[in-house]
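Below is one structure; the comments refer to it alone.
Just so it is clear, none of the values below were taken in a lab; they were calculated from the coordinates. The model shown is predicted, which means the values in this text are computed figures rather than measured ones. Cβ coordinates were reconstructed from backbone atoms using ideal geometry, including for glycine residues, and neighbour counts include every protein chain displayed.
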Amino acid sequence: MTRKPPDHRNLSLVVLISGNGSNLQSIIDATESGRLKARICAVISNEPDAYGLKRAEIHEIENQVIDHRSFTSRKAFDQALHRSIRSFEPDYLVLAGFMRILGSAFIQANVDKILNIHPSLLPAYKGLDTHQRVIENNETEHGVSIHLVTPELDGGPIIIQGRYPIDASDTLADLKRRGHQLEHRMYPLVLQWLSEGKLQIRDNSIVFEQHPLREPIEFENV
Ligand code: GRF
C-alpha cells in the first residue's frame, strides 16, 4: 500500500491512552499554543474510565473507547482498533500511556507510524514498573525514551532520551514526577520535529536532519 506523505505543515495524530493522559495534555497544549502544528483527530482509550478521555472532551477532541475486554482475542481488539484508526487517516499514532501490547499484524499495517514513550533509558528496563525496578537496583540514573514501535516490545529504534540522576532518598513518586516533567517537554518536541520534516521515519529507521540517526538524541543537548 502506498502511503500519502505526511503534510509537514499540519500533522494529523491519533493518540492512544489508557489512563491519566498527562502526556496527551502536553500535546494538546502544544497544538493549542501553536508551538506544534498538528491536529489531534482522535483520542482512543482501551479503558472506559481513563481520565485522558475527559481531557479530550474538554478540548473538544473526538474520543472513543475500545474496551479490550469486549473482545475474545487480542487479534480482534487490534482489528477493531485498526478499523477505527483508519477512519481518521492519521499521519502518526501516538502511544501515550497506552497499556496494551499491539500485535505484529497491527504494527506492520501501521509501519513507520507508531511512536511510544517509555519511562526508562531503553534498552534498559523494558516492560512495566520501571521506577520500582530502578530503585531496587540502586541505579544512579533513570530517564525517558521515545521510540518507534516495531513488533519487538519496547525495542524499536530510539529517537530521543532524557535522563535524570537518582538520589538515595528518592521515592517512586519522585521518579514518576521527574520522568513526567521530561516527558511533557519531549513528546511535543518530537512531534514538532516531525511536523517540520526535521525528523523523518522511513523503513523502520529514523532520519534526523537528513542523516540516519545512529544514536538516540540526548534531550539535554537540544
Ligand atoms: C508515562 O509515564 C509513560 O512513559 C508511560 O505511561 C505513563 C503515562 O502517563 N508509557 P500519562 O497517562 O500520560 O499521564
*Tell me, what is the Rg over Rh of the chain, with Rh the Kirkwood radius over Cα pairs?*
0.95
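Rg to Rh for the stretch 49-95: what is it, with Cα atoms only and Rh by Kirkwood? If you can, show how the numbers build up before the last one.
On the way: Rg = 12.0 Å, Rh = 12.0 Å.
Ratio of gyration radius to Kirkwood radius for the stretch 49-95: 0.99.
Can you compute the charge dipole magnitude of the stretch 43-92 about its Cα centre, using +1 on each Lys and Arg Cβ and -1 on each Asp and Glu Cβ, nothing else charged? Give it in debye, rounded to the nearest 20.
Working: 7 positive and 9 negative charges, 58 e Å.
About 280 debye.
Restricting to the stretch 1-143, what percent of DSSP beta bridges are antiparallel, rounded to 5?
Numbers: 0 of 17 bridges.
Of all bridge pairs located within the stretch 1-143, approximately 0 percent are antiparallel.
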*Just the Cα atoms of the stretch 44-140: what Rg and Dmax do they give in Å?*
15.5, 46
*Would you please give the FRET efficiency between Glu32 and Val65, computed as 1/(1 + (r/R0)^6) with r the Cβ-Cβ distance and R0 = 22 Å, to the nearest 0.05?*
0.40
_Ratio of alpha-carbon Rg to the 2.2 N^0.38 Å globular estimate for the stretch 175-222, to two decimals, please._
1.26
_Counting pairwise Cα distances across the stretch 132-208, what percent come out greater than 22 angstrom?_
35
*Take every Cα-Cα distance within the stretch 14-72, group them into 5 Å bins from 0 onward, and report for each bin the whole-number percent of pairs it holds.*
5, 21, 31, 23, 11, 6, 2, 1, 0
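Go ahead and estimate [θ] at 222 nm for the chain from helices alone: -39,500 (n - 2.57) per DSSP H run with n ≥ 4, summed, over the residue count, rounded to 500. Could you put the intermediate results ahead of the total?
Values: 6 runs with 73 residues, N = 222.
Calculated mean residue ellipticity at 222 nm is -10000 deg cm²/dmol.
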*Take the eigenvalues of the Cα gyration tensor for the stretch 84-197, scale each by 5, and report the square roots as semi-axes in whole Å, largest first.*
27, 16, 11
*What full-extension length gain, to one decimal in nm, is calculated for Arg74 and Ile58 as 0.36 nm per residue of separation minus the Cα-Cα distance?*
2.7 nm
*Points 7 angstrom from Cα along the Cβ direction at Glu89 and Ser22: gap in nanometres?*
3.6
